[in-house]
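Readers should treat all values here as calculations from the given coordinates under stated rules, not as data from a laboratory. Not measured: the values here are computed from a predicted model. Glycine gets a Cβ as well: all are built from the backbone with ideal geometry, and neighbour counts include every protein chain shown.
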Amino acid sequence: MIKGYIIAQTELCKGCELCIDACPQESLRLSPNLNKKGYRYVELYKDNCTGCTNCGIICPDSVITVYRENKKKKKQAEA
Amino acid sequence: MENNENVRLMKGNEAMAEAAIRAGMDAYFGYPITPQSEVLEYLTAEIPKRHGIVLQAESEVAAINMIYGAAGAGARVMTSSSSPGFSLMQEGISYIASAQLPCLLVNVNRGGPGLGTIQPSQGDYFQATKGGGHGDYHMYVLAPASVQEMADHVFEGFRIAEKYRLPAMILSDGALGQMMEKVILPEEGSLPKETPEWGTTGKPKTRERNIITSLFIQPEKMEEINLGLQRKYQALRSEIKFEEYCLDDAEYILTAYGLAARISKKAVDILREQGIKAGLFRPITVYPFPSEQLEHHAVHARFILDVEMNAGQMVEDVRLAVNGETPVYFKGRMGGMIPTPAEIVEAVMTKINVLEESLV
Amino acid sequence: MEEIFDPVCIDKEAIDSMDVVYDKTPLLTDAPMHYCPGCGHGIAHKMLMEVIAEMGIQEQTIGVAPVGCSVFAYHYMDVDMQEAAHGRACAVATGIKRVRPDKFVFTYQGDGDLAAIGTAETIHAVNRGENILVLFINNAIYGMTGGQMAPTSLQNQVTSTSPYGRDTKFTGAPLKMTELVAHLPGAYYVTRQAVNNVNSVRRLKKAIRTALEYQKDNNGTCFIEVISNCPSGYRMTPLQSMRWIEENMFSVFPLGDIKVPGKGGAVS
């Protein structure tokens, strides 16, 4: 399974949930914690992200950076 | 007779259009309206053979906003219209003043209010000098009294507009626009021009993006903008222009601008022939108004008679300037009617008689 | 409450062996957007800026933002921009393009701006075939002023100025500006897209790219309507608002290309 990951700028997230709806793996949720603006921000809460970038594309505030495993780099790291 | 290429016999409207081309105007956006459609007609005929852009818009509202865009992109731009057209442009002019965009606006004033008439009038004085749009703003307003001045004021208008970054207006009227007179046209290309660095010309890596806006949502910032505008209008006082005719020993002063001033000058001559020491003070910039210069003469005058082709608008500025030093009377014609020299002479004589009787 | 599941902790090395495959475009500034949570404006801004970045034309692009929620677009779009009076963006863009014909010029307008007060400017700019991109965000409501009825509001749509539902016999029917302008010979490429889901957003980006490529050929106006949402105006959650535009707007404002060069379209 391709491994993917997301990092969200939690202070800029407005908890609109569009990314959660767009995620085919349902690996996103709103955190029980609040950011300074009082929004529950998005977070990855399962390890089944594939790095498909849906969440990044749909996010109106461009807060999500999406990572995807690079086979070569992973081999070098393990070697 | 000089057969110099620059000397012509031209209509005021066409002299302005020719001067605009010679001033290196980049673009003109306008709309047909009597009595100034010749400006657009002349430009659509000449510009394709010369340089620049001329585009007829779908309305004066669109035209003034095309001016906003082109000026904001750093171009030298002009439009012309007449009274009702200028009412449609007021919102755009307020935006242009607030965004501090240089442009030249020509109002060939016609009789109003409403659809009015196509005869000459000075009924737009308040709109031009007090600001017809919303908010505290002004334009630099030149009031020509001849075809020669209509051509000269195009160069002066562009120069001042670009030097101070504000809309400049030529406040003319239907007669000046339509009549033909000898005119010595300014030299082509004699008005320096450079693209301002604040224009929206596409953001290179070497600078921050340029933003042309009149929106300042924080009141502190909006007040700062306003204070800047007021400083600008104060600085403009150094660009005041006026004409003094037979004022050295004048006992009775006529104040008038544009066409009314030409007629008043004739009245002064007639009065002088009758031994009456009359003189004329003619504002050439009606904004900023030459208040100090007028007040300087007012102290010597027994009274002032303000002559206009409206119900009395500049007379208020005259009274403010004179500040009670001497009585200020008013003689006006409205609706496109033009006062005659004889009428003005009679008005002066009536006032003199009233004054004489009061002294007996 | 679903049971608390501690989020996948960041495994530093794992990240090092990964590539960044999606990130915020550098052509969007760092200014946090004032738009309401889940508002389609942010998505449309992003697609436009991503295309400008990918085409490498930041230095030749000039944008016009009018009055509406997107009046502050110039805080977010890192290109030279002008703010136009309500409804006048197409006239301002005409002025810019005429004196800067070699630049890419776009307007970014809402439905009130383009289809109400700016109708004449829009139609005449397209009729002249102004070589600009008109990006028309249609969410069938006046967002900035608090959710009033727009010319594109639907029959029976409740807004703050049609509290009993829009009565089209009294206030007119949803105005289809895109079909209207498609009939004008000056319209070169006319399409209607949306931001309701990722596929639509990807198609929107493709349309913007197509339009800006066409602008190089100077063949006329490219006009992209974007059906968008307004959670606050509709008094809905962001997700509900996206479902609402799918279930109600798409039938009145069908998506897809309306006029494509060479393929005829609404009118040849």
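Worth pointing out:
- When the Gaussian network model of chain C links Cα atoms closer than 10 Å, the mean-square fluctuations of C:PHE253, C:PHE136, C:PHE72 top out at C:PHE72.
- Among the cysteines of chain A, those with no neighbouring cysteine Cβ under 4.7 Å are A:CYS13, A:CYS16, A:CYS23, A:CYS49, A:CYS52, A:CYS59.
- Per-residue average of Cβ from other chains inside 10 Å of C:102-109: 1
- Calculated [θ] (222 nm, deg cm²/dmol) that DSSP helices of n ≥ 4 give over chain B, each run adding -39,500 (n - 2.57): -12500 deg cm²/dmol
- Inter-probe distance in nm under a simple model that places probes 7 Å from Cα toward Cβ, at C:ARG202 and C:HIS75: 3.3
- Residue mean of other protein chain beta carbons inside 10 Å, B:279-287: 0
- Cross-link table A:LYS46/A:LYS75; C:LYS97/C:LYS259; A:LYS46/C:LYS205; C:LYS97/C:LYS216, entries beyond 19 Å C-alpha to C-alpha: A:LYS46/A:LYS75; C:LYS97/C:LYS259; A:LYS46/C:LYS205
- Against chain B, whose longest principal axis comes from its Cα atoms, helix B:341-359 is set at around 50 degrees.
- Average beta-carbon neighbours from other chains, 10 Å sphere, peptide A:3-12: 3
- Tail fraction, Cα-Cα pairs, the stretch B:1-64, threshold 13 Å, whole percent: 64
- Sorting B:SER37, B:SER80 from the fewest to the most surrounding beta carbons within 10 angstrom yields B:SER37, B:SER80.
- The stretch B:39-93 - Rg (one decimal) and Dmax (whole number), Cα, Å: 11.5, 34
- Cα lying deepest toward the dipole's positive end in chain A, options A:ALA22, A:TYR67, A:ILE7, charges on Cβ: A:TYR67
- Among B:ALA235, B:ALA278, B:ALA70: highest mean-square fluctuation, GNM of chain B, C-alpha pairs under 10 Å: B:ALA235
- Legend: residue pairs B:LYS241/B:LYS351; A:LYS14/C:LYS176; C:LYS176/C:LYS206; A:LYS14/A:LYS73; A:LYS3/C:LYS24; B:LYS163/B:LYS265, Cα-Cα distance threshold 24 Å; pairs beyond threshold, B:LYS241/B:LYS351; A:LYS14/C:LYS176; A:LYS14/A:LYS73; B:LYS163/B:LYS265.
- Angle between chain B longest axis and helix B:60-72 axis [Cα atoms, degrees, rounded to 10]: 60
- Computed from Cα positions, the angle between helix B:37-46 and the longest principal axis of chain B comes to roughly 40 degrees.
- Rounded, prolate or oblate (a/c below 1.5 giving rounded, otherwise prolate when a/b exceeds b/c) for the stretch B:62-169 by Cα gyration tensor: oblate
- For chain B: relative contact order, % (alpha-carbon pairs under 8 angstrom, 6 or more apart): 18
- Pairwise centroid distance, computed over Cα atoms, of the stretch C:207-237 with the stretch B:243-299, Å: 61
- When each of the peptides B:157-168, A:63-74, B:347-358 is scored by the mean number of other C-beta atoms lying within 10 Å of its residues, the order from highest to lowest reads B:157-168, A:63-74, B:347-358.
- Prolate/oblate/rounded call for the protein assembly as shown, Cα gyration tensor, a/c under 1.5 rounded: prolate
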